[in-house]
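Reviewing the structure listed below.
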Amino acid sequence: MRGTTALSAIPKASSSACYSPSSRSSPSSIRSIYPITRATSTPVPSRSLCSSHGTKLVAGSTHNRTYGGIRHHGHSASASSSTVGAVKPIPIPIPIPIPDIGPENTYDIVIIGGANAGLAFACALLAQPTIAASTRILLLEGSSLDKTRNWTGKGDWENRISSLTWENISWLESIGVWKHIEHGRSCPVEEMVIWANPSPSSFPTIHFPPLGHPMARMTENMNLQRALLRRIEEVGKGIVDIKEGARVSEMRLGEGERWVGLKVGEEWLKGSLVVGADGPNSPVRLFSGIEVYGHAYQTHAVVATLNHPPSPLYPNTTAFQRFLPTGPIAFLPLNEETSTMVWSTLPQHAKALKSLSSDALTSMINAGYQLPESALTKLTDQMVQHDQIGQPLSVDQINKIISASLLSSSGDSIPAEQPILPPTITSVHMPSVASFPLRLSHAEEYLGKRTALVGDAAHTIHPLAGQGLNQGLADVRVLAQTLENARKLGGDLGSKTSLADYPRERYPLNHLILSTTDKLHYIFRARNPIVDWFRGTGLEIINEISPLKKILMGGAGAVPSSTPSSSSASSPPSPARIATSRNQPQILSNGLTEAQRREFGRSHPEDSLADTAGWQKIAANSVEGWFTLKGVVGMAGGIAGGLLSEGMKRAAGALQKK
């Protein structure tokens, strides 16, 4: 919303966000943006741009302007009228003026999205004394929350399971949420084993030993969401209103850009600040005109619930992850006899895996953890070929291919020094089998005019490090503390000045995690002798240096922070902190240089996953191998620099506190 342009957004509906289409022209969901130029009373020409994602943008203006992150070049009305035989301009629909909104529909903070990030943000706000005592909060969710509210914690495991780090568990406990968790459906992760073995005679491994407390807990998303909802209902009466089945059909900046109007059904609401917790295709982000940078991976993640006998040697509290040329396969514990799998692999592999019978899929998963890479590659190639002709491999065929592959390369037999493997799978819960494409994305900024982004609306990440949900929880924790500080000082909750500490603290940390995870994905996937040597040597060195492993675990949230992340937001920056920040290249308000911000390239939701073959693939692999080798060195320097920078900030914060 810029200048005198009125912007009304009718965003795409989804099962997780609270939006619905208001157009009857198509049965599909439509998001329309209508810029209206008040400087002229004559309708100006418009044009329509339709993306493959089902989004319709209608724009017309006498100037070149950017709306919703897409640049439109308008044509002047005078030029159109002077053209002989010009097509008659199409009038742009003028939105009905926003009616007066009463105090019962006026809120300080409106949260859009009732999943993990939205519910957690409401709980974080309730834990802030000034906010809880003086602020009206509204949470809008497009679907019913009855499924979450009535979840019993019994029956089959959900396939949407997340790793909650010890740092975030400690925070959830401090704000009264963790007591509502169904603990029988949350499994501690005490140890972690990571390995990659491109050579059958080498098994470079990192073993993260027990810390005296769980590194993380594997918890169903439904379990966490029910706990968050129960906490809101426990202490949020009269503070947080929840509207379920409430879909926003229109959003506009109000008079003087002092509030945002939201049309929900037939009534209008307004909020000083709208927080987008509405997922990776966030309509709040579109409304704010915030661009996203990133790329799609040539990878889909296959998830499934696995059944296996209890181990006679050790409890099932160890997480395993093996890095393959197509992506990592992770084995994550749920209880003594159940675990969950996340297998990141090529799209055609994911499709073929989902086509297998229960017994055949069980054999393939065991092969994914146990077979040498050369034998596993032959097996997956056969699996894809059979799937393409509509004849998925049977268990007998899988066993024959494995036997033939091992016989043809006797040197690939599994040596005795192989790391500890997950227990052998006996069956797969087939209704839990699903897959989804993977994408890395990072919003250009977290703040718009009267808007803020948290969780997946601000960033998405490869699941290999299990950091997606944890980043979102850290976002809401810092944003809630920032709003508490602003309220204490009597500031405007929706102004960028009041919210500046939120992106200042979270953006560089999120970018460091995103960038590191992205580089790890390519480094561990690459297969050539030089990279194999660097990677194997690096794993073995890290495995032998316990302090370094503790630093890595601390960076991943396995160890509680000595100074809470909110501490830096709870007090003004000290001279030491200012001096520290001056030594860093901060060209942008989010703390990153232009090169860092654009490191991932442009990202559009409609981008498709390209397929490569032939000489192009060979050339790409060669180039990728070179850049991967460079990335090994660059990543090490980047991680060291990020850790040093964060350490200096925390030291300055501790000094200021004293």
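Could you check the simple spin-label distance between Asn150 and Glu336, using points 7 Å along Cα→Cβ, in nm with one decimal?
Label at Asn150, label at Glu336, 3.3 nm between them.
Ser403 to Ala133: extension gain in nm, 0.36 nm per residue of separation minus the Cα-Cα distance?
Roughly 90.3 nm would be gained on extension.
Find out how many positive minus negative residues lie around Thr305, taking Lys and Arg as positive, Asp and Glu as negative, among other residues whose Cβ is under 13 Å from that of Thr305.
-2
Could you compute the net charge surrounding Ile112? Neighbours are other residues with a C-beta less than 9 Å from the C-beta of Ile112; K and R count +1, D and E count -1.
-2
Determine the share of the range 302-379's accessible area contributed by carbon and sulfur atoms, expressed in whole percent, with a 1.4 angstrom probe.
Answer for the range 302-379 is 61 percent, counting heavy atoms of protein chains only.
Could you pull out every residue, at least 5 positions away or on a different chain, whose amide H is within less than 5 Å of the one on Leu324? Hs are placed 1.01 Å off N in the peptide plane, and Pro or chain starts have none.
Residues meeting the amide H criterion: Ile329.
Between Ile96 and Leu313, 0.36 nm times their residue separation minus their Cα-Cα distance comes to what?
In short, 71.1 nm is gained.
Please give me the summed charge of the neighbours of Phe436: other residues whose Cβ is under 12 Å from its Cβ, Lys and Arg +1, Asp and Glu -1.
+3
What residues from the range 284-314 fall in the zone where the backbone N is under 13 Å from a label point 7 Å along the Cα-to-C-beta line of His429?
Once the point is set 7 Å along Cα→Cβ of His429, 304-308 turn out to lie under 13 Å by backbone N, inside the range 284-314.
Among 126-133, 208-215, what's the highest-first ranking by average C-beta atoms within 10 angstrom per residue?
126-133, 208-215
Quick one: if you stick a label point 7 Å off each Cα along the C-beta vector at His207 and Gln391, how many nm between them?
4.6 nm
So for each of 478-488, 149-159 I average, over its residues, the number of other beta carbons within 10 Å; can you give me the resulting order with the highest mean first?
Top to bottom by mean Cβ count within 10 Å: 478-488, 149-159.
On a full-extension model of 0.36 nm per residue, what is the gain between Ser170 and Lys237, subtracting their alpha-carbon distance, rounded to one decimal in nm?
Extra length from Ser170 to Lys237 when fully extended: 21.7 nm.
The values are calculated or read from the model by the stated rules, or taken from the named source; none is laboratory data. Quick caveat: nothing in here was measured; it's all calculated off a predicted structure. Every residue, glycine as well, gets a Cβ built from its backbone with ideal geometry; the counts of neighbours run over all protein chains shown. Remember, those area values only see protein heavy atoms, side chains included, never the ligands or the DNA or RNA. Shrake-Rupley method; radii C 1.70, N 1.55, O 1.52, S 1.80 Å.
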